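The values are calculated or read from the model by the stated rules, or taken from the named source; none is laboratory data. Small disclaimer: the values here were computed from a predicted structure and weren't measured. Counting neighbours? That spans all protein chains shown, and the Cβs are built from the backbone with ideal geometry, glycine included. Areas reflect the complete protein model, heavy atoms only, side chains present, ligands, DNA and RNA absent. Shrake-Rupley method; radii C 1.70, N 1.55, O 1.52, S 1.80 Å.
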Amino acid sequence: MVILVGMANAPRGDEAVGAGRRPVVTRRWLLVIAAVLAPITLGALATVLLYVTRPQPAVPRAAAAEAVSDVKGRDGSVLVLQPKTTDQVRVPLGSSLEVVLLPGLGETVESANPDLLAATANPPCHLTAICGFPGAQRWTFRAIHPGVGYLKIIFGFRVCQEDGACTTTPYVFKPIAVSARPQAS
């Protein structure tokens, strides 16, 4: 840059021949400005062009994402459930709900509302893909009254003090809506 400015101000041998110094100096300054601005302009255009044509990241659609479901299958009037969320599950009145947990120490499932969801004896495994392997634990409940009941899913040990107070952590309440009319599948 310094060299270009020095060249623009340096006198030339043909100035004495010309009518005046003014047009030559102006032309030199225009050449200096063009020499400086041309690469800057080309760089800016290249940057804009590369920005506009850059590859866009793929944005996953919500519908394309796999939905997490607690319901794993149905065998007649038995709904097989493997809890993964705290979303409500709807079951028709009179149906059975089989809850399957992966093997773990201290895991259990209790009905927080035994008047709606009564614990029953565990029938044979209805969905061997999730309960047919060693260590899988199952609990079965029958929907005996319409309403919203809760299953208390306990993932830890029950600790009881000498005074009789017991705590169990962690646990989750899973809402089960029992409808009076059969649900369409």
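Brief remarks follow.
- Residue check, PRO83 under 12 Å from LYS174 (Cα atoms) and either open to solvent by 30 Å² or more (accessible area, probe 1.4 Å) or out of contact with any Leu (no Cβ under 6 Å at 6 or more places or on another chain) (or both): yes
- Test: residue in the range 175-185 that is open to solvent by 80 Å² or more (accessible area, probe 1.4 Å), among the hydrophobic types (A, V, I, L, M, F, W, C) and at pLDDT 85 or above: no
- Checking each residue in the range 105-154 for being of a type in the set (A, V, I, L, M, F, W, C), part of a loop (DSSP other than H, G, I, E, B) and modelled with pLDDT under 80 picks out LEU105, CYS125, LEU127, PHE133, ALA136.
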